[in-house]
Amino acid sequence: RRQSHLGAYDMSTVFFFLIQLTILAYAFVGGVFLAFSDFVMRSLASTGGHGGVEAMQVINREVFRWVFMLLFLGMAPVSLAIAAYGIFGLSGPAGTLIMFAGLVYLIGCFGVTVFCNVPMNEALAGMDVFNEATRDYWLKTYVPRWTFWNSVRTIACAVAAASLLFGLLWLIQDQIRTA
C-alpha cells in the first residue's frame, strides 16, 4: 500500500478523499429523503388526494434528473467498495465502522428504495389521478407506507454518514498514535 501525506498512513490518498466525498453524498441523499419524510409527503397528503397524487407522479418522473440520481445510484458501487475496504483492507473498530457504513447504505437506502419505494412509485404512476380508488390508495396506503420506508432510508443515510465519519476519524487517530 502506498503511504499518504499523513505519515505512516496505510490508506491511499484516493480512498481517503473518496471516503470524505462519500460522507457528503450520504448526507445529501439523506437530506432529500428527510425533506420528504418531514414535510413534503404531509403537504402532498393535505391536498385532499388528487393534487398530491398528480404532484407525486410528476416528482417520480423528475427524480431521474442527473444530480440526485448520480449521487443515489453512484453511492451503491462506492458503498460496496467501501464495505469491502473495511472488511479486507482495515482492521479493528475503524474497519468495522467503515464496513458497516457501506452496508447500511446498500441495504437501508439502496435496497429499501429498490424493493419498497420504487414498486409503490410504479404502481402510483399507472393510476388515474381523478379516480376515487386512486385517492383512497394514495391516502390510506401510499402516503403512510411510502413515508415509513422513506424514513428508513433517511435514517440509513444518517447512520451510514455518521459511521463512515467516525470510522475515518478512528482510523486517523490510530494512525497518529502509531506514527
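The values are calculated or read from the model by the stated rules, or taken from the named source; none is laboratory data. Note that the coordinates shown come from a computational prediction; the quantities given were computed from them, not determined experimentally. Please note: Cβ atoms are built from the backbone with ideal geometry, for glycine as well, and neighbour counts cover all protein chains shown. Note: accessible area is taken over every heavy atom of the protein model, side chains too, but ligands, DNA and RNA are not part of it. Shrake-Rupley method; radii C 1.70, N 1.55, O 1.52, S 1.80 Å.
Please verify whether L171 is part of a helix (DSSP H, G or I), open to solvent by less than 20 Å² (accessible area, probe 1.4 Å) and modelled with pLDDT under 95, treating the condition exactly as stated. Before you say what the answer is, go through the steps one by one.
Numbers: part of a helix (DSSP H, G or I): yes; open to solvent by less than 20 Å² (accessible area, probe 1.4 Å): yes; modelled with pLDDT under 95: yes.
Yes: the conditions hold for L171.
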### Message
List the residue pairs whose Cβ atoms are under 7 Å apart, where the first residue sits in the stretch 33-61 and is more than 18 Å from W149 (Cβ to Cβ) and free of Cβ contacts under 8 Å to residues at least 12 places away in the same chain, the second is buried (at least 16 other Cβ atoms within 10 Å of the Cβ) and of a type outside the set (D, E), and the two are 6 or more positions apart or on different chains.
### Response
A55/L44
### Message
Restricting to the stretch 96-143, name every residue that is closer than 21 Å to V63 by Cβ and of a type in the set (S, T, Y).
### Response
Y105, T113, T134, Y137, T141, Y142
### Summary
Exception for Q57 within (1) in a helix (DSSP H, G or I); (2) modelled with pLDDT under 95; (3) more than 18 Å from the chain's Cα centre (by Cα) falls at (2)
### Message
One residue is enough: does the stretch 94-113 have a residue meeting the conditions modelled with pLDDT under 95, open to solvent by 60 Å² or more (accessible area, probe 1.4 Å) and out of contact with any strand residue (DSSP E or B) (no Cβ under 8 Å at 6 or more places or on another chain)?
### Response
no
### Message
List pairs: first residue in the stretch 93-109 and assigned to a helix (DSSP H, G or I), second residue open to solvent by less than 30 Å² (accessible area, probe 1.4 Å) and aromatic (F, W, Y) anywhere in the structure, Cβ distance under 7 angstrom, at least six positions apart or on different chains.
### Response
Y105/Y26
### Task
Might you let me know whether the stretch 86-103 holds any residue that is over 22 Å from W146 (Cα atoms) and in contact with a Lys or Arg (Cβ under 9 Å, 6 or more places away or on another chain)?
yes
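State yes or no: is T22 surrounded by 12 or more Cβ atoms within 10 Å (Cβ to Cβ) and more than 23 Å from I155 (Cβ to Cβ)? Even if it seems obvious, please write down each step before you answer.
Numbers: surrounded by 12 or more Cβ atoms within 10 Å (Cβ to Cβ): yes; more than 23 Å from I155 (Cβ to Cβ): no.
So T22 fails the test.
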### Task
For F130, work out the one condition from (1) modelled with pLDDT under 95; (2) under 24 Å from L21 (Cβ atoms) it doesn't fulfil.
(2)
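Are any residues in the stretch 62-72 free of Cβ contacts under 8 Å to residues at least 12 places away in the same chain and in a helix (DSSP H, G or I), and if so, which ones?
Of the stretch 62-72, the ones free of Cβ contacts under 8 Å to residues at least 12 places away in the same chain are 62-67, 69-70.
Scanning the stretch 62-72 gives E62, W66, V67, M69, L70.
Taking the stretch 25-47 as the region of interest, how many residues are assigned to a loop (DSSP other than H, G, I, E, B) and either open to solvent by less than 30 Å² (accessible area, probe 1.4 Å) or among the aromatic types (F, W, Y) (or both)? Spell out the reasoning first.
Kept after step one, since they are assigned to a loop (DSSP other than H, G, I, E, B), are these residues of the stretch 25-47: 46-47.
After this cut, where a residue has to be either open to solvent by less than 30 Å² (accessible area, probe 1.4 Å) or among the aromatic types (F, W, Y) (or both) as well, the list is none.
Total meeting the criteria: 0.
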### Task
Report, by residue number, each residue of the stretch 121-146 that is in a helix (DSSP H, G or I) and surrounded by fewer than 17 Cβ atoms within 10 Å (Cβ to Cβ).
E122, A123, A125, E132, A133, D136, L139, K140, T141, P144, R145
### Query
Looking at the stretch 63-83, is at least one residue over 29 Å from A162 (Cβ atoms) and either loosely packed, with under 13 Cβ neighbours inside 10 Å or among the basic types (K, R) (or both)?
no
